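Input: a single structure, listed below in structure tokens.
The values are calculated or read from the model by the stated rules, or taken from the named source; none is laboratory data. In this text the structure is predicted, and so the values were computed from the model without any measurement. Cβ atoms come from the backbone with ideal geometry, glycine included; neighbour counts cover every protein chain shown. The protein model used for the area step is the full one, side chains on, heavy atoms only, and it has no ligands, DNA or RNA in it. Shrake-Rupley method; radii C 1.70, N 1.55, O 1.52, S 1.80 Å.
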Amino acid sequence: MAIPTKDIPPPPEPAAGSDQLEALYQRLEERVRQSRPNEDLEPLRRAYEFALHLHAGQTRDSGEPYMAHPLEVTIILAGMMMDQVTLIAGILHDVVEDTPVKNDEIKKRFGEDVARIVDGVTKLSKIQFYSREDRQAENVRKMLLAMVSDVRVIIVKLADRIHNCRTLDGIKDPERRKRIAQETMEIYAPIANRLGMGKVRGELEDLSFRHLDPEAFTQVIHEIETTRQASEGFLVNVKQIVESKLKENGIPARVEARMKRPYSVYVKLQKQRIGIDQVYDLLAMRIITDSVKNCYAALGVIHNEWHPIPGRIKDFIAIPRPNLYQSLHTSVMGPDGQPFEVQFRTEEMHRVAEEGIAAHWKYKEGKRGQAGDERVNWMRQLVEWQKEMRDPTDFMSTLKRDLNTEEVYCFTPGGKVIMLAQGGCPVDFAYAVHSDIGHLCVGAKVNGRIVPLKYELKNGDVVEILTQAGHSPSKDWLSFVKSSKARNRIRHFINATERVKAIEIGQKYLEKEARRLGVALSKVSKEQLESVAGEYGYPKIEDLHAALGYGKNSARQVLHRLAPETVTETEPEKPEPEKPSKFNAESDQDLVLSVDGMNDLMINLARCCNPIKGEPIVGYISRGKGVTVHAKSCKNVENLMYEAERRINVDWTRTTGRSFRVRMTVYSDDRLGMLNQITSILFAENSNIQSLETRDDTDRGEGKIIDVTTDVRDKKQLEKITATLRRVSGVRHVDRVQ
Ligand code: MN
């Protein structure tokens with residue numbers, strides 16, 4: 001272990017309660033020696049004396065010496081068989097927070113690893129999860145960063161939280177007590193769960209439950225206790241039967257009988273609105289055996305003895321939970337019609353279920369990172385994704401959602417299991433398979449049937465994703481996807497595409513303005529442009545272009561800085577606005593910006609004229625909204641184009657798969673079957689009808705007016721549809737409404 005031995009602090013002053021503290025420290029050492037009898041504990045002792053010296057004179061709310069707290073925390077850590085680096089960090093975890101010592105000092109005395117963990121825990125302590133979320137998000141991100149860089153930070157923090165919760169009664173302020181309990185319930189217990197630390201999670205939940213709802217707690221405890229006393233004999237009896245049956249079948253196993261924990265009983269009672277006698281897993285047998293094969297064999301033995309309750313078999317061995325929990329669960333109708341749950345697992349699975357990520361530290365001492373560990377990966381992804389989130393409150397909601405969702409298990413057509421957040425849809429599924437599949441996803445079949453993309457998937461669904469080359473994600477998807485992965489991949493894609501567009505637009509905008517104002521951009525050096533970008537606070541020219549494209553800055557201002565003698569800061573007063581005829585002249589040699597039908601990106605189709613593919617169009621750079629695309633025939637264009645420098649050439653690309661919404665008005669005779677005929681024409685064209693309404697043509701007396709809103713691919717298709725409609729007998733006019 002890389003712990004320097006120099007700089008031993010002066011021996012501590014004997015403080016009040018020092019005998020009690022020394023006894024606690026002895027307990028700690030004993031605890032460590034139980035699993036590692038030969039380890040040199042001199043560094044631990046040194047840390048203890050250092051902390052004792054620093055915390056001297058401080059007391060907790062309960063009146064006992066403060067030092068008792070870090071010692072108890074470290075005893076908890078020793079119980080988890082954590083390595084000595086973690087133990088030392090446990091002893092020192094409040095030193096930076098509560099004493100004048102700085103982190104550098106810790107690093108000098110105890111090494112980098114200890115210092116990093118203490119630093120992480122200190123940062124964590126400063127987070128108030130229940131103050132304004134947008135300010136806190138950054139702190140939570142820091143915490144996650146710390147956790148990702150070394151998961152021992154959160155393990156120490158969880159041990160700290162366990163001890164704080166065990167001693168909550170000692171806190172005098174009831175508000176503070178409640179806040180700690182709530183934070184534990186909503187943040188720390190779920191984090192422990194995500195890290196697979198079942199035992200820690202259980203204790204944290206039960207401790208905070210007691211303080212959050214003392215009445216309910218007492219009630220549940222009472223009911224559990226009553227049931228337990230009534231079923232004491234039952235459990236002993238069942239355990240004996242189980243043990244002998246397993247022995248008969250040659251399955252080596254250890255059998256444990258247990259009662260469900262108070263908080264999970266409470267949740268079940270609340271959620272399912274049932275009585276305690278209907279909680280199937282209130283009583284559980286746990287069969288711990290030597291191999292996966294024997295887990296299934298034992299399941300067979302149990303099912304042979306008692307009837308399984310349908311729908312209660314859960315195979316978390318074949319499909320581990322995201323926190324890597326593995327076990328086989330079943331519920332059976334026991335003797336006297338008393339149902340109970342049985343869990344089957346190997347020793348290794350048991351260890352993982354109880355200790356989760358902490359189990360790593362026992363055997364792989366001193367190793368950090370666990371790059372491939374899924375339990376850490378979700379945090380790593382969360383931190384990475386956070387960088388892309390513009391709204392910090394998104395981060396808190398993503399975190400809370402990620403911590404508190406249950407999963408749904410679906411299958412690919414090839415039988416691979418895909419785990420999704422509850423409420424997940426085919427888009428979530430597609431992204432869970434692969435980001436590229438998500439991006440290209442255009443439809444889905446569930447159990448062989450076509451379903452909408454927002455369809456809510458259920459356990460066991462077989463999902464086939466239909467993809468199309470060249471397709472790209474839609475912003476609408478954000479309104480119904482449930483997984484952070486899908487949400488973030490979609491956002492990332494949209495942001496990246498927006499930025500590429502913005503850069504392209506900005507560059508053209510600048511070139512165009514330069515030409516108009518007589519600045520030779522070709523003579524401007526890269527350095528000059530870079531320095532102007534710098535003046536605006538952009539690190540790269542690209543960023544300046546993007547800002548111009550987003551409409552954040554004006555091209556004239558930039559050019560003014562580049563060539564102050566040629567370009568004035570503001571446009572000189574013009575006697576007459578330029579005539580629209582100017583923009584009709586196609587002399588402009590600008591590269592043409594393509595419109596790929598992505599109205600949710602940097603290019604928006606103007607609502608006034610709603611241009612469709614195939615129509616002549618023109619682009620206009622609007623402030624902060626990128627380019628708005630109008631039909632050239634649009635009335636608004638004339639007015640907008642007074643600011644000629646904001647005009648930009650646009651054209652339709654050939655590869656667009658999107659459709660365009662058009663409104664049409666059909667004037668017709670009032671005759672039977674007219675509507676039918678109109679709809680079949682649209683159906684035949686595969687045109688998606690959005691709405692269809694009939695009203696009387698009051699101008700013409702007996703005529704009818706039919707308003708149709710439908711989707712078309714392009715101008716050509718619209719023309720074909722209108723022509724066909726006009727040929728229908730009884731149709732007088734067909735107008736497009738713009
Ligand atoms: Mn503490």
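Tabulated values for the structure
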quantity	calculated
Given K178/K271; K475/K635; K552/K632; K123/K314, the pairs whose alpha carbons are separated by over 32 Å	K123/K314
Hydrodynamic radius by Kirkwood, which averages 1/r over all alpha carbon pairs of the stretch 660-737, in angstrom	12.4
Karplus-derived HN-Hα couplings along the stretch 456-467 (A = 6.51, B = -1.76, C = 1.60, θ = phi - 60°), whole Hz, x at Gly and Pro	7, 6, 10, 3, x, 5, 9, 10, 10, 9, 9, 10
Prolate/oblate/rounded call for the stretch 163-241, Cα gyration tensor, a/c under 1.5 rounded	oblate
q = 0.13, 0.14, 0.18, 0.20 Å⁻¹, the stretch 215-358: log10 I(q)/I(0) [Debye, one scatterer per Cα]	-0.59, -0.68, -1.10, -1.30
The stretch 491-562, accessible area per residue, ligands and nucleic acids excluded (1.4 Å, Å²)	45
Semi-axis lengths, Å, the stretch 491-562, gyration tensor of Cα atoms, sqrt of 5 times eigenvalues	21, 13, 10
Local electrostatic count at R176 - Lys and Arg +1, Asp and Glu -1, tallied over other residues with Cβ under 11 Å	0
Gained length - R254 relative to E225, 0.36 nm times residue gap less alpha-carbon distance	8.0 nm
Order by protection proxy (mean Cβ within 10 Å, highest first), peptides 281-289, 256-264	281-289, 256-264
Rh (Kirkwood; distinct C-alpha pairs) - the stretch 18-212, Å	17.0
Local electrostatic count, I276, Cβ distance below 15 Å [Lys/Arg +1, Asp/Glu -1]	+1
Neighbour net charge for H55 - beta-carbon separation under 9 angstrom, K R +1, D E -1	-2
Amide H partners (placed H, <5 Å) of D670, local residues excluded	K704
Additional length obtainable on full extension of the chain from D213 to Q278, 0.36 nm per residue less Cα span	21.1 nm
Using a Förster distance of 35 Å, the FRET efficiency for D173-Q20 (Cβ separation, nearest 0.05)	0.85
Lys, Arg +1 and Asp, Glu -1 on Cβ, resulting dipole of the stretch 491-562 about Cα centre, debye, nearest 20	240
Pairwise FRET efficiency - E348 versus H303, Cβ, R0 = 25 Å, nearest 0.05	0.55
Burial ranking of peptide ranges 212-222, 628-638 (average Cβ count within 10 Å, highest at the top)	628-638, 212-222
Extension reserve of the E511-K293 stretch, reckoned as 0.36 nm per residue once the Cα distance is removed	71.4 nm
Relative packing of 456-464, 152-160, 244-252, 65-73, which averages over residues the other C-beta atoms within 10 Å, highest first	152-160, 65-73, 456-464, 244-252
Where labels lie 7 Å past Cα in the beta-carbon direction, separation of H434 and K245 in nm	4.6
Part-to-part distance (alpha-carbon centres) for the stretch 406-438 and the stretch 233-311, which is given in Å	31
Cβ-Cβ FRET estimate between T694 and E407, R0 fixed at 60 Å, reported to 0.05	0.80
Pair N676, T566: separation of 7 Å Cα→Cβ label points (nm)	7.1
Inter-label distance, nm, simple model (7 Å from Cα along the C-beta direction), R312/S479	4.3
